Amino acid sequence: MLVGGGTGRFLAFWTAFIKAAFAFITSPELIALAAGESVAPRRNIPKAARRYVWRLALFYGFGSLAIGVIVPSDDPRLLSGSSDASASPFVIGIQRVGIKGLDHVINAAILTSAWSAGNAFLYSGSRVIYSMALSGQAPKFLTRTSKRGVPYAAVLFTWLFGCLAYLNVSNSSAMVFNWCSNIATISGLIAWIVVMITYLRFRKAMHVRGMLSSLPFRTPLQPYATWIALFIVTLVTITNGYAVFFPSHWSVADFMAAYITIPIFLAMYFGHKIYTSTRFVVKGCSWNGDFKFAEAARQWTGHWMWARRIADVDVMTGKREMDELEEMDVPPVPKNVFERFWFWLA
C-alpha cells in the first residue's frame, strides 16, 4: 500500500476501479459498430445494449463477489507474476475448492474469452479504419473490399497490430508492450470523453428541435447519467497514474506510460485542424488554419466559441434514408423452439 489507514484502503479501491476501467472501457462501442451490418438494427441494437448491462453486472459483478469470498487477498499465487492463466483468481478459487479438473475448464474458458475479444476488436478496428479511409482520414488502399463487401485491406492492417502481443515473450520488450497497452487504453478513455460530449451536444440539438421523441431508442436518466459518466471517466483519465506522484514510486517511464497519450491526442487534434484547414470558430470570425492571427485579432469580439451553436448542429442529414431503411428492415421470425430460445438469448 502507498499509505496506511483509511486513505490507503481508499487508494487500493481506486486502483482496482482504474484497472476495471482498463478492462471494460473499449467494449460497449462494439454494439453500435455492429449496427451497420446487423439484421433489424433498430430492434436488435437496443436489445443488445440492455442485455450488455445486465450481463456485465451478472458475470463480472457476481463473479468478482464470489472470487472475493473464496480467494483470500494474501494468497501468494495472486502476486506470483505468472504470465499464464494459473495466476487467474478464478483458477485459484477453483483449486482452493478442490474440484478436480474444473480448473482446466476455467483455463479453456479464459482462452475462449481471449479469442472472442481478439475477434471482436479485429472486427471493430477494421471497420473504424475502413470508415476513416472512406472519409479521407486514412490511406485510400484501406477502402478495398472483397466481392462480398468485406474490407480485407482494413482487416489485414488491423490484424498486423496483434503481432505486438509477442512483445510480452521477452522481458526486455515487455515495457514497450505495457506502453502500447496504456496508450491504447487511455485512448479509449479519451475517445469516450469525446463521445459523451458529442452525445450531450446531439441530445441538446434534438431537444431544441423537439425531436427527442422520434429517437428509436433512449436510455433512462439522460442526460444526467452521461454527465456522471463523463465526470468519472475524466477523473480516471487524470488519475490513472497517480501512484507515480508518491516520492517512493516516482518513475519517469511509468509517468510517460500513464500520461503520454493526453499530449498525443491534443497534438493529433490540433494538427488535424491545421493540416485540413478546418475552422476554430470565434464569435464574429474564425481561424481556418492559415495562421492569419492579425486579421482574426482585429475581428475578435472577445468570446471564443469552442463548439458549434446548437442551432447549427445538423441532425437531419441521413434521417430520411434511415427511416426508409427501417420500413424495409423486417426482423426475422423464429421458426421453432430452438430459434426462439436463441433469439431470446442473443
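Things worth noting here:
- From 202, 270, 231, residue being part of a helix (DSSP H, G or I) and in contact (Cβ under 8 Å) with a residue 24 or more places away in the chain: 202
- Residue count, region 101-151 (criterion: outside any helix (DSSP H, G or I), closer than 20 Å to residue 30 by Cα and out of contact with any helix residue (DSSP H, G or I) (no Cβ under 7 Å at 6 or more places or on another chain)): 2
- Scope region 132-150; condition among the aliphatic types (A, V, I, L, M) and surrounded by fewer than 10 Cβ atoms within 10 Å (Cβ to Cβ); matching residues: none
- Conditions (1) surrounded by 10 or more Cβ atoms within 10 Å (Cβ to Cβ); (2) modelled with pLDDT under 80: number failed by residue 92: (2)
- Neighbours by Cβ (under 7 Å, 6+ apart or cross-chain): first from region 129-150, closer than 20 Å to residue 268 by Cα; second surrounded by 17 or more Cβ atoms within 10 Å (Cβ to Cβ) and of a type in the set (Phe, Trp, Tyr): 129/157
- Filtering region 36-45 for residues that are over 17 Å from residue 217 (Cα atoms) and part of a loop (DSSP other than H, G, I, E, B) leaves an empty set.
- Odd one out for residue 185, checked against (1) closer than 28 Å to residue 231 by Cβ; (2) under 16 Å from the mean Cα position of the chain (by Cα); (3) at pLDDT 90 or above: (3)
- Residue that is nearest to residue 232 (Cα to Cα), among those in region 21-33 that are without any contact (Cβ under 8 Å) to a residue 40 or more places away in the chain and among the aliphatic types (A, V, I, L, M): 23
- Residue within region 155-167 that is small (Gly, Ala, Ser), over 30 Å from residue 231 (Cβ atoms) and surrounded by 15 or more Cβ atoms within 10 Å (Cβ to Cβ) present: no
- Region 1-42, residues that are at pLDDT below 80 and more than 23 Å from residue 128 (Cα to Cα): 1, 2, 3, 4
- Here residue 78 passes the criteria (1) modelled with pLDDT of 80 or more; (2) out of contact with any Ser or Thr (no Cβ under 8 Å at 6 or more places or on another chain); (3) more than 18 Å from residue 344 (Cα to Cα); (4) in a helix (DSSP H, G or I) except the one numbered (1).
- For the residues 62, 22, the requirement of being surrounded by 15 or more Cβ atoms within 10 Å (Cβ to Cβ), among the aromatic types (Phe, Trp, Tyr) and out of contact with any Cys (no Cβ under 6 Å at 6 or more places or on another chain) singles out 22.
- Scanning region 214-235 turns up at least one residue that is of a type in the set (D, E, K, R) and loosely packed, with under 12 Cβ neighbours inside 10 Å.
- Selected residue [farther than 19 Å from residue 75 by Cβ, in contact with a Ser or Thr (Cβ under 8 Å, 6 or more places away or on another chain) and either surrounded by fewer than 19 Cβ atoms within 10 Å (Cβ to Cβ) or touching a residue at least 12 places away in the same chain (Cβ under 8 Å) (or both)] from 126, 113: 126
- Members of region 55-73 found to be part of a loop (DSSP other than H, G, I, E, B) and at pLDDT 80 or above, listed by number: 71, 72
The values are calculated or read from the model by the stated rules, or taken from the named source; none is laboratory data. The model shown is predicted, which means the values in this text are computed figures rather than measured ones. Virtual Cβ from ideal backbone geometry, glycine too; neighbours counted across all protein chains shown.
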